[in-house]
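Structure, as structure tokens:
Read-outs throughout are calculated quantities, based only on the coordinates presented, and are distinct from any laboratory measurement. In this text, all values refer to a predicted model and were calculated from it rather than measured experimentally. Because the Cβ atoms are built from the backbone with ideal geometry, glycine has one as well, and the counts that use them run over all protein chains shown.
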Amino acid sequence: MKKGLIFVVLVAMVFVLTGCGNKPSTLTCTMKVSSVNVELTANFAGKKVTAMGMKYDMDVSNYSDSTIETISKQDYCSTVQKSMPTFTLTDCKQNVENKHVIVTSGIDLDKMDKSQLVGSPEETKKALEAQGYTCTLK
């Protein structure tokens, strides 16, 4: 009876530990560059990236309303794409809110090198913080 119970406990522990390794987590990293706040988000399942996105928030409050209107008509999705040539943006949207131009987009994981999509969230956090980002892991 004891051997059977020990076996069940061992099997249960394997499943518990395996489940912990694939726990979903989200890494959000931000950096301010001039008047632009950049936010990168990566969702992980264990050590694999399952989704990525980005947000650019440009403060244009120092400009007149007419200049902001002109700015809002520019295609910032193309500008952001050119500034991030290693990524392919998906579903890029831009809008103006409270004198901020906000560009949000997903990042196409299928067009990325698969080696970039594997790694622990903690290691990724450290690497991005070394580049000047401030990161939170949930």
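With each pseudo-label sitting 7 Å past Cα toward Cβ, what's the T90-N62 distance in nm, one decimal?
Each label point is offset 7 Å from its Cα along the Cβ direction, giving 3.7 nm.
Please list, by residue number, everything in segment 75-92 whose backbone N is under 11 Å from a paramagnetic label point 7 Å out along Cα→Cβ of Q116.
In segment 75-92, the label zone of Q116 (backbone N under 11 Å from the point 7 Å along Cα→Cβ) covers 84-89.
What three numbers, in Å, describe the spread of the alpha carbons of segment 23-137 along their principal axes, ordered from the longest?
If we take the Cα atoms of segment 23-137, the spans are 48, 26, 21 Å.
Ranked from highest to lowest mean number of other Cβ atoms within 10 Å per residue, what is the order of the peptides 130-138, 47-55?
Top of the packing list down: 47-55, 130-138.
Students often check this: by mean Cβ neighbours within 10 Å, which of 27-39, 68-80 ranks highest, and how do the rest follow?
So the order, starting with the most tightly packed, is 27-39, 68-80.
Roughly speaking, what is the stretch gain from Q81 to Q131, that is 0.36 nm per residue apart minus the C-alpha to C-alpha distance, in nm to one decimal?
16.0 nm
Provide the per-residue ³J(HN,Hα) series for segment 101-115, in order, calculated from phi with Karplus coefficients 6.51, -1.76, 1.60 and θ = phi - 60°, each as a whole number of Hz, with x at glycine and proline positions.
Values, residue by residue: 8, 10, 10, 10, 7, x, 10, 6, 6, 5, 9, 9, 5, 4, 5 Hz.
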